[in-house]
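Single-structure report; data block below.
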Amino acid sequence: MDKNKKIAFIVGILILVAYSMLLSTSVAPIIGLFTEVISGAAVIGISILMYPLFEQYKLRILYLLLKFVEGLLMFAAGFFILSQNITVYNNIYAIHVYAFSISAFLFYVLLQKTQLIPKFISIWGMVASVLVLVANIYTQLGFELPMLGTIIGYAPIILNEVFLAIWFMVKGFNTRK
């Protein structure tokens, strides 16, 4: 297996690990802490592994910075799950969603520019990250999202990132440009 194929496979695994955070809301606090910290480390790991592949674009610096912020917010959220301070956890989570959605958008822009994946996956990811941002703004303004709104706001990015993870693990990066 060549170096880029290994990196793609590891990034795919880390994307799936990062989504383990979704399980933390319905389990014991200590497991919530564990999943948040592991997910935060995975998010940071993805950005570090992808950084060299985006070398020709200055946008990669902002992407890396936002992923570090996202990862650190996940660490902090985990500790607030453990303390069971739900108000602070919810505030951290809201900020985390902004960091996630903006960095996800940048990630897909960079993937599109480098052509490491098919265009449809990048476009899907960009649209999905904007939907997450809009859904978060909507709820931060005090509006309740109905079930359909929640599905429209969050399901596309979850499906996209799981699809992307599997793509990376099976196909790797497109190195034929």
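For segment 107-120, what are the residues that are of a type in the set (A, V, I, L, M, F, W, C), crowded, with 18+ Cβ neighbours inside 10 Å, over 11 Å from the mean Cα position of the chain (by Cα) and not in a loop (DSSP other than H, G, I, E, B)?
Here is the first cut: in segment 107-120, the ones of a type in the set (A, V, I, L, M, F, W, C) are 107, 109-111, 116-117, 120.
With the extra rule that they be crowded, with 18+ Cβ neighbours inside 10 Å, the set shrinks to 107, 109-111, 116-117.
Imposing the further condition that a residue be over 11 Å from the mean Cα position of the chain (by Cα) reduces the set to 109-111, 116-117.
Hits for segment 107-120 are Val109, Leu110, Leu111.
Listed residues Ile15, Ile95; which is closer than 28 Å to Val134 by Cβ, open to solvent by 50 Å² or more (accessible area, probe 1.4 Å), touching a helix residue (DSSP H, G or I) at 6+ places or on another chain (Cβ under 8 Å) and not basic (Lys, Arg)?
Among Ile15, Ile95, only Ile95 is closer than 28 Å to Val134 by Cβ, open to solvent by 50 Å² or more (accessible area, probe 1.4 Å), touching a helix residue (DSSP H, G or I) at 6+ places or on another chain (Cβ under 8 Å) and not basic (Lys, Arg).
Which residues, taken from segment 129-177, are in a loop (DSSP other than H, G, I, E, B) and of a type outside the set (Lys, Arg)?
Passing the criteria: Leu141, Gly142, Phe143, Glu144, Leu145, Pro146, Gly172, Phe173, Asn174, Thr175.
If the Cβ limit is 7 Å and pairs must be 6+ apart or interchain, which residue in segment 140-156 that is touching a residue at least 40 places away in the same chain (Cβ under 8 Å) pairs with which residue that is surrounded by 12 or more Cβ atoms within 10 Å (Cβ to Cβ)?
Here the result reads Gln140/Ala94, each pair linking segment 140-156 to a residue that is surrounded by 12 or more Cβ atoms within 10 Å (Cβ to Cβ).
Residue by residue through segment 74-87, note down the ones that are part of a helix (DSSP H, G or I) and open to solvent by 30 Å² or more (accessible area, probe 1.4 Å). Break it down stepwise before answering.
Quick first cut of segment 74-87, residues part of a helix (DSSP H, G or I) only: 74-83, 86-87.
Listed by number, the residues that qualify are Phe75, Ala76, Phe79, Phe80, Leu82, Ser83, Ile86, Thr87.
Only one of these conditions is not met by Asn90: (1) within 23 Å of Thr139 (Cβ to Cβ); (2) open to solvent by less than 10 Å² (accessible area, probe 1.4 Å). Which number is it?
Asn90 satisfies all of (1) within 23 Å of Thr139 (Cβ to Cβ); (2) open to solvent by less than 10 Å² (accessible area, probe 1.4 Å) except (2).
Somewhere in segment 44-61, is a residue within 25 Å of Tyr138 (Cα to Cα), part of a helix (DSSP H, G or I) and not hydroxyl-bearing (Ser, Thr, Tyr)?
Checked segment 44-61: no residue is within 25 Å of Tyr138 (Cα to Cα), part of a helix (DSSP H, G or I) and not hydroxyl-bearing (Ser, Thr, Tyr).
The values are calculated or read from the model by the stated rules, or taken from the named source; none is laboratory data. Every value quoted in this text rests on a predicted model; they were computed, and no experiment measured them. As a convention, Cβ positions derive from the backbone with ideal geometry for all residues, glycine included, and neighbour counts pool all protein chains shown. All accessible areas refer to the heavy atoms of the entire protein, side chains included, with ligands and DNA or RNA removed. Shrake-Rupley method; radii C 1.70, N 1.55, O 1.52, S 1.80 Å.
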